[in-house]
1. Ranked highest first by average number of other Cβ atoms within 10 Å, how do 221-228, 237-244 line up?
2. Could you report the accessible area of PHE62 in Å², rounded to 10, computed with a 1.4 Å probe on the protein chains as they sit in the structure?
3. Hey, if you put +1 on the Cβ of every Lys and Arg and -1 on every Asp and Glu Cβ in the chain, which of ASN81, VAL266, SER248 ends up farthest toward the positive end of that dipole?
4. Dividing the alpha-carbon radius of gyration of the range 102-218 by 2.2 N^0.38 Å (N being the number of residues), what value is obtained?
5. Quick one, what does Rg over Rh come out to for the range 214-299 if you take C-alpha atoms and the Kirkwood Rh?
6. Can you tell me the order of 26-38, 126-138 when each peptide is scored by its average per-residue count of other Cβ atoms within 10 angstrom, highest first?
7. Which of the pairs LYS52/LYS194; LYS38/LYS91; LYS240/LYS271; LYS52/LYS231; LYS194/LYS237; LYS52/LYS91 have their Cα atoms more than 18 Å apart in this structure?
8. At a 1.4 Å probe radius, carbon and sulfur cover how many percent of the accessible area of the chain?
Amino acid sequence: MGNNKTQSVSIVFLLSFLALVCCSNAGDMVVYWGQNEKEGSLTETCDSGLYKIVNIAFLSAFGSGRKPQVNLAGHCDPASNGCKSLSKEIKSCQNRGIKVLISIGGGNPGYSLSSAGNARTVADYIWNNFLGGKAGSRPLGDAVLDGVDFDIEVGGGEGFYGVLARRLSEHGKGGRKVYLTAAPQCPFPDEHLKGALSTGLFDYVWVQFYNNGPCQFESSNPGKFQKSWNKWVSSIKARKIYVGVPASSSAAGSGFVTTQQLKAQVLPFVKKSSKYGGVMLWDRAADKQTGYSTNIKASV
């Protein structure tokens, strides 16, 4: 028989370790990058070691006869081919095991789909200019991105985004997989993305639980968030569902959740679902300012 005191200490240590591993892991962290110069470079973002997926935001103009246009705020000027230098940074991120996606849409008008044929044309453009296809002038250089994020918040032709998703998925069947992700608003179903999400082709869905009073988290009334979360995980065919939150109180109009609230009230609930994937943050600039993701990971 061993020393009882030593055994007791060992058991306490083991239980504490298991509790830390089992109950503190926040899952994968996803972040949007590209809309604020203060967020730093893409390489710096990936070298932080905080994120598993980075969405480059946004391909903000496309469809209905428009010339597709990338808008990366002050980072670079795609019109003068100034964003091609990002190719090296994208490859650096991917070499670290980080998926890098092009996010289409955003909160500003300037995109829509006019028909099924238009949706397929847009998909072909995305394939040839950002993914595994070939085009004479690729906005972000020759790097092959890992997939496409649908952040469709305005525009028209909502019924054609399913066609866009199917076409992109078809392109990926011949070789390198095209990951499809989406960022719907938390009221279910999302008015802009319900058609696309009904295809069942999406790998990851990060629901925006902010700027939406009826379903965002509030510590005084957690039930409305929990009800919304349960609806999403039970109704959407996707590999993983993520909790989308702003990384600072100024990054959204409402719905900011402190890291303490996230760890104490949100994560213990959402992690009960086998479809829970992690946390999506808007955006890198806010996260860099507040250290939101660092504070979450500090509990792992």
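1. 237-244, 221-228
2. Approximately 0 Å² for this residue.
3. VAL266
4. Its radius of gyration relative to the 2.2 N^0.38 Å reference: 1.07.
5. Working: Rg = 12.6 Å, Rh = 13.3 Å.
Reported Rg/Rh (Cα atoms, Kirkwood Rh): 0.95.
6. The most tightly packed comes first, giving 26-38, 126-138.
7. Those over the limit are LYS52/LYS194; LYS38/LYS91; LYS52/LYS231.
8. 51
The values are calculated or read from the model by the stated rules, or taken from the named source; none is laboratory data. Just so we're clear, the structure is a prediction, and the values are computed from it rather than from any experiment. Here the Cβ is made from the backbone with ideal geometry for all residues, glycine too, and neighbour counts use every protein chain on show. SASA here: full protein model, heavy atoms, side chains in, ligands and nucleic acids out. Shrake-Rupley method; radii C 1.70, N 1.55, O 1.52, S 1.80 Å.
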